[in-house]
Amino acid sequence: MRRMWLGETVLDHQSAFRSGLLLLIVLLLLSNGWFAYSRALSLANQYAHRAVSSLEQHFDGIDGFIDIIHADAVSELKQGDGGQDQQAVLSWLRNAPGQGFYALDARPTLASGLQPGNLTGLGQAAALDAAARHEMAVVLGLTPMMQMAYQHLGEHGVDWVYYVSARQFIYLYPFTPATSYHYSANTPQGQFWRLAEPAVNPRGQRVITPVYIDQAGKGPMLTISQPVWVAGQFRGVLCMDVGLNTLNQLLRQLDAPAGSLYLLNRQNQVVATSDDHPLPQENLQLLPVMPTYAASPTAHVRVYALGDSGMRVLQFLPNYWLALEVTRGCAPGVVAAVLLWLALLLLTRTWQFNRELRRLSEHDALTGALNHRAFQSLLAQLYQDYQTQGTVFALVMVDLDHFKKVNDSHGHAVGDTVLKVLVRLALRLLRNEDRVARLGGEEFVLVLPATDLPDAMKAAVRLRLQLEKLHWSKLGLPEPVTASMGCAVVLPDDRHASDVLKRADDAMYRAKQEGRNRVCLHWQGPAAQGN
């Protein structure tokens, strides 16, 4: 008896039991899944922070040397006049025969034993004035700090340390022959100079250039450029070139989850990556710094600021990786969820079976429209709502013109197709809340809740016109299929729901009498004809 009572309860409350079991399964899986999801994002976030920290230390080291060399250069340019050692080196400046530039290609050795870089510039070495020689001597005096910076940072991706003067010369460390690279008229066109010029950078802020290919053959790189101002005068630019290969190594030296990191500069270029995967979507480069992960249909994305450099690190986590992590995290609850799901499936199948039986009992088997019994039930409900809440409704009777001729001339198969086409067309043109019912044969009724008579007429006219325009010749019909329609709306004087249906039916018969293929209306008083 108890089992029978439980079985009857389940059958009588299928929706509640199904919802309860589904809720229990969802809560079970969500609790494990949310923990696994949060743990995966936390792991990815920790990895990204380590990568960002490694990059920040790298750029902090470069900035530290730039600060020292910059301060030394400004101090010497204000006070010093260049040591005798440096002045002697300037005597080695030579112009190659027929060349409009000078260089230190003889590679003199300073008294300290250091080998300087190469100093090249436009013009004739013999024509240099005292101010230019003084600045060159000061810059040559920076050789020890440039050498220390290069030796210390070289393994961290600094390929060149150099000073470019507004007096049209460059001091480049380490030494490279002028035949490989020398100051030219194109040098000021470089981003390292153009971004530092007073017209663009009046406050003398440190800038990082877009990625470019090194003219001396060291591959793709970017430049950290520090303008040098002395006593309110722009004197030149102190630069360090950072190779991209080292930046890639910094991103790849840590064990990463199944995601990718991309280093982006201010110009939204991809500077370095943690793997060989290209950026999945170009618009990701435009994302600002994000405090949390942003989810999309394909991935989770987060953008980290790289100090105050203006550069960003974008982390791209594919959703399939997160899904795998969540699946692993849900393993403890999978067995219980499967058992509960089987119970839910059993109840669902029972519910679906009953629903199908109900659908078959309420719908016309041929057209899928509501049958006569379901229509009467719906009409009674609408009439009750009108009486209690005042919600009007309208009915449109639809009768196909000369339908018997279609059956007699072309067969019942074609006639059945015509009926199905009519119902499909009506459902496509009507609102979601509207219904189509088949009363018998070729007679149908459109049920339009919360609709007044003018709107019902518009819906009927739209259906009539579209029905006539269909390509009926594809069914072998020589003439278009048309319909006569009658519209009526519920009225305060109605005593029964059938009163509305009778008025719609009367209007439809009037449409037949007046020549078919038209819409007629019916309300209290004279009848009116539509189109």
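The values are calculated or read from the model by the stated rules, or taken from the named source; none is laboratory data. Predicted model only: the values in this text are computed from it and were never measured. Virtual Cβ from ideal backbone geometry, glycine too; neighbours counted across all protein chains shown. The accessibility values were calculated without ligands, DNA or RNA, using every heavy atom of the protein model including side chains. Shrake-Rupley method; radii C 1.70, N 1.55, O 1.52, S 1.80 Å.
The accessible surface of the chain, taken with every protein chain in place and a 1.4 Å probe, is 55 percent carbon and sulfur. Sorting the segments 402-414, 303-315, 159-171 by their residues' average number of neighbouring beta-carbon atoms within 10 angstrom, most packed first, yields 159-171, 303-315, 402-414. The residue among Pro177, Tyr293, Leu446 whose Cα reaches farthest toward the positive pole of the charge dipole of the chain, with charges on the beta-carbon of Lys, Arg, Asp and Glu, is Leu446. Shape class for the chain, computed from the alpha carbon gyration tensor (a ≥ b ≥ c): prolate, with a/c not under 1.5 and a/b above b/c. Heavy-atom accessible surface of the chain, averaged per residue, reaches 51 Å², computed with a 1.4 Å probe. Taking the charge dipole of the chain about its Cα centre, with +1 at Lys and Arg Cβ atoms and -1 at Asp and Glu Cβ atoms, the residue from Gly486, Ala456, Val326 reaching farthest to the positive side is Gly486.
Its relative contact order, with pairs defined as Cα atoms under 8 Å and 6+ residues apart, puts the stretch 383-479 at 35 percent. Glu282 to Trp34: FRET efficiency via 1/(1 + (r/R0)^6), r the Cβ-Cβ distance, R0 51 Å, to the nearest 0.05? Once the sixth-power term is evaluated, E becomes 0.95. Our estimate of slack between Arg328 and Ser53, defined as 0.36 nm per intervening residue step minus the Cα-Cα distance, is 96.0 nm.
If R0 is 30 Å, the Cβ-Cβ spacing of Asp452 and Leu366 corresponds to a FRET efficiency of close to 0.40.
For the stretch 425-531, the list of chymotrypsin sites (Phe, Trp or Tyr not before Pro) that fall in a loop by DSSP and count at most 14 other C-beta atoms within 10 angstrom reads Trp523.
Modelled spin labels at Ser19 and Asp493, positioned 7 Å past Cα toward Cβ, are 4.5 nm from each other. Over 23 Å between C-alpha atoms is what I'm after, so list which of Lys404/Lys458; Lys405/Lys458; Lys458/Lys502; Lys78/Lys218; Lys469/Lys502; Lys458/Lys512 land there. Over 23 Å apart, Cα to Cα: Lys404/Lys458; Lys405/Lys458; Lys78/Lys218; Lys469/Lys502. Our note on the geometry: Cα centres of the stretch 359-419 and the stretch 44-80, 80 Å apart.
For the stretch 396-487, GluC sites (Glu not before Pro) meeting the loop criterion (DSSP other than H, G, I, E, B) and having at most 10 other Cβ atoms within 10 Å: Glu433. Using Cβ point charges alone (K and R +1, D and E -1), the dipole size of the chain about the Cα centre works out to roughly 1540 debye. Each Cα pair under 8 Å and six or more residues apart adds its sequence gap; the mean of these over the residue count of the chain is a relative contact order of 11 percent.
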